[in-house]
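Chemist: Here it is: the structure, laid out below.
The values are calculated or read from the model by the stated rules, or taken from the named source; none is laboratory data. Keep in mind the model is a prediction, meaning the values are calculated, not measured. Note that each Cβ is placed from the backbone with ideal geometry, even for glycine, and that neighbours are counted across all protein chains shown.
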Amino acid sequence: MTRRHRDPEAALVAAGTRLFSRHGYDAVSIDDIAAEAGLAKGLLYYYFAGKRALYLAVVRAAADALAERTVPDPALPAARRTAAVLDAVIEWAKEYGENSRLLLSQHAGPDPELQAILQAARTRQVDMMLAGMRRTGAELGLPPAGETPALRYAVRGWIAFIEGVLTQWLDERDLSESELRELFLHAAGGLLTAARRAERPARPRARRDSPER
């Protein structure tokens, strides 16, 4: 199927995704996007108010792709499920390039619409991870764990850790993908252990008898 026979709006978003991923927002023009899509420039203005509106659509599409790819596969063993999700996150970051950097950095500047997209993407990832943990626990026969503030903070912290590491790794590539995945898995274990310890009531300290004088 040729570019011209596809849905024009989808073709423009796909073209914007490719160009913004490679070059970033500022280096890409409307003419570049139209040429990449194989469409007249006027069609871009028919579907979008301008480059910024198209860019918002591209970022939404990148966030949606991340959510779709990181749905845990129930057919996999519980022990392998999280590793598979992390592999999908790494592949997504590589594919979406500069667009993934924006989502990973969560830095939208003063743009409230972009901020809303990024915040919704992060909240969706946290909720999905918590749901996956509940499902895995049930499959392993573990007693149901309540969603405590400590657990939610731990999951948010883990996702923020992944975002920060991936942003740097995209520049340096000084770890293999398998090493990167193992780093994320070990970080998850540490944060979840910390959350469980934080939820335990502190034991009262034993009182020491005052020495007789």
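Chemist: Do we have any residue at all in region 33-49 that's free of Cβ contacts under 8 Å to residues at least 60 places away in the same chain, over 27 Å from residue 163 (Cα atoms) and of a type in the set (Asp, Glu)?
Modeler: yes
Chemist: Among the helices (runs of 4 or more DSSP H) contained in region 7-122, which hold 3 or more residues that are closer than 30 Å to residue 138 by Cβ?
Modeler: Details: elements: 8-23, 30-37, 41-47, 51-69, 78-105.
Ranges flagged: 51-69, 78-105.
Chemist: Further question: Checking the conditions here, which among 118, 114, 104, 44 is at pLDDT 90 or above and surrounded by 16 or more Cβ atoms within 10 Å (Cβ to Cβ)? First the steps, then the outcome.
Modeler: Numbers: 118 fails: at pLDDT 90 or above; 114 fails: at pLDDT 90 or above; 104 fails: at pLDDT 90 or above.
Unique residue meeting the criteria: 44.
Chemist: Right, next: Look at residue 166 and say whether it is at pLDDT 85 or above, in a helix (DSSP H, G or I) and over 22 Å from residue 119 (Cα atoms).
Modeler: Working: at pLDDT 85 or above: yes; in a helix (DSSP H, G or I): yes; over 22 Å from residue 119 (Cα atoms): no.
No: the conditions fail for residue 166.
Chemist: Further question on the same structure: With the structure loaded, tell me whether residue 154 is touching a Leu at 6+ places or on another chain (Cβ under 6 Å), assigned to a helix (DSSP H, G or I), at pLDDT 80 or above and of a type in the set (Gly, Ala, Ser) or whether it fails that test. Steps first, please.
Modeler: Working: touching a Leu at 6+ places or on another chain (Cβ under 6 Å): yes; assigned to a helix (DSSP H, G or I): yes; at pLDDT 80 or above: yes; of a type in the set (Gly, Ala, Ser): yes.
So residue 154 passes the test.
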